[in-house]
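A short worksheet on the structure shown next.
The values are calculated or read from the model by the stated rules, or taken from the named source; none is laboratory data. Just so it is clear, the structure is predicted and the values come from calculations on it, not from any experiment. With ideal geometry, Cβ positions are generated from the backbone for all residues, glycine too; neighbour counts draw on all protein chains shown. Surface accessibility is based on the protein's heavy atoms, side chains included, excluding ligands, DNA and RNA. Shrake-Rupley method; radii C 1.70, N 1.55, O 1.52, S 1.80 Å.
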Amino acid sequence: MHQDSLYVEIKNRICRLIYDGTYQEGEKIPSERTLADQWDVSRVTVRKALELLEEENVILREVGSGTRIMYRNTGHGGTMDTVTLTAPARSPFF
């Protein structure tokens with residue numbers, strides 16, 4: 001596996017664990033060291049993967065408290081779900 005994409009693979013593994021319910025909303029995930037040992041990668045690789053997840057608002061990293069799953073805190077604050085459909089203006093469908 002190309003070194004630059006290894007942290008993306010780790011990010012995707014963590015996402016799968018979140019979305020399949022292994023890690024629940026608000027739950028702490030294992031430490032960087034534990035994840036690195038589990039997947040036989042460096043802590044730097046895990047840290048980069050976690051940085052991506054934090055940028056995407058999937059996790060919240062708190063120094064001294066650990067990393068928590070926060071994916072449901074994304075989106076809008078309204079009570080209704082919103083779906084948007086985009087199509088070319090010249091589409092005969094519209």
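Side notes on the structure shown:
- Extreme residue, farthest from R16 (Cα to Cα), among residues of segment 33-70 that are hydrophobic (A, V, I, L, M, F, W, C), part of a helix (DSSP H, G or I) and over 9 Å from the mean Cα position of the chain (by Cα): V44
- Taken over segment 5-32, the criterion of being assigned to a loop (DSSP other than H, G, I, E, B) and acidic (D, E) is satisfied by D20, E25, E27.
- Scan of segment 13-68 for residues that are of a type in the set (S, T, N, Q) and open to solvent by less than 40 Å² (accessible area, probe 1.4 Å), ordered by number: T45, T67
- Conditions (1) in contact with a helix residue (DSSP H, G or I) (Cβ under 9 Å, 6 or more places away or on another chain); (2) of a type in the set (D, E); (3) at pLDDT 90 or above; number of the one not met by D40: (1)
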